[in-house]
1. Would you mention how many residues in region 37-57 are polar (S, T, N, Q) and assigned to a loop (DSSP other than H, G, I, E, B)?
2. Taking region 68-84 as the region of interest, how many residues are of a type in the set (D, E) and closer than 20 Å to P37 by Cα?
3. Just need a number here: residues in region 58-94 that are more than 18 Å from G30 (Cβ to Cβ) and not in a loop (DSSP other than H, G, I, E, B).
4. Among the residues of region 44-95 satisfying the criterion of being in contact (Cβ under 8 Å) with a residue 60 or more places away in the chain and surrounded by 14 or more Cβ atoms within 10 Å (Cβ to Cβ), which is nearest to the chain's Cα centre (by Cα)?
5. Just need a number here: residues in region 57-84 that are on the phi > 0 side of the Ramachandran plot and modelled with pLDDT of 85 or more.
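The values are calculated or read from the model by the stated rules, or taken from the named source; none is laboratory data. Keep in mind the model is a prediction, meaning the values are calculated, not measured. Cβ coordinates were reconstructed from backbone atoms using ideal geometry, including for glycine residues, and neighbour counts include every protein chain displayed.
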Amino acid sequence: RGTALQPLFKMSYSCSKVGDPHPGQPFKGGNFCAFLPDNQEGLKTAKLLKKAFERGLTFQIKSCNGEERVTWGFIPHKTSRDGGKARNGYPDALYLHEVSTVL
């Protein structure tokens, strides 16, 4: 099977919290897409990624040119359907194992 779009995250403007670079300051959100294989292992990984999201582990706030913005956190995500590992895409035979280890 090919890859299927598995979650689409949308983060809007909000205020940062304690532990972020500048607590209480507004930050800019964005749309974030991640791709997973349409198979049992991909579904299992999607469930783990959902738990990580619910626990606030998926994204972080970084300061960029004086503006606070949401970026991907330390959990690796495939943001492209192709291009291989070098471009955060597929094929990447080790990705599901690597992300499961991180999660």
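1. The qualifying residues number 1.
2. Taking region 68-84 and keeping what is of a type in the set (D, E), we get 68, 82.
So of that shortlist, the ones also closer than 20 Å to P37 by Cα come out as 82.
So the answer is 1.
3. Of the residues in region 58-94, 3 are more than 18 Å from G30 (Cβ to Cβ) and not in a loop (DSSP other than H, G, I, E, B).
4. Among those residues, the one meeting the criterion is K78.
5. 2
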